[in-house]
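No lab work stands behind these numbers, since they all come straight from the coordinates. In this text, all values refer to a predicted model and were calculated from it rather than measured experimentally. Ideal geometry is used to build each Cβ from the backbone, glycine not excepted, and the neighbour counts take in all protein chains shown.
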């Protein structure tokens, strides 16, 4: 009996699978192994364009389009200008040839009036100064003190005095005119006068011819009318006074 009791207690102590209860309990107490944490694959979020970014992109595209349009217009205008220049080149060359064929006076423009005025003043001044030198020299040459002090000048003939006077007058007038011409205030005044003269509408050759013919015709008609009127009144006067006598 004792032996059976021992075997019974031994079977009770063993588990259903024949393993000791102590070991089974230890096995139950064993903590489960911690599973390695699986690192989740980080996926970069797709960039989401905001409304402001879309608007800025549209503005950039619109600006680029406007720049391209402006560049196209500019290139077209440049090409058109080049075509215009090519078209005007023959005319410019022809005008240049005509300008070369024109006299120098026409090429001077307003300056020709200024130069002509100074030239006229110089010529008049040379004549006046020459006549003054000639007259003064002739009067002084008859004086005794001049003949004694300057016998060679007193012995010059009257014709030579006139020639020398004109030469001296021309030299003096040339120096004076050049000095006056180089003065800024005189030159500015002369340029203003010449500019005003260019604004004058000068008559053409046809206008002058027509005006001359009109003046001649009117003068002829007036002369004939006055002649006939004079003859008429002479006839009436002779008739009245003749019958009365």
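Between residue 182 and residue 197, the modelled label-to-label distance comes to 2.4 nm, taking each label 7 Å out from Cα in the direction of the beta carbon. In the range 108-205, the C-alpha radius of gyration followed by the widest Cα-Cα span (Dmax) gives 19.5, 63 angstrom.
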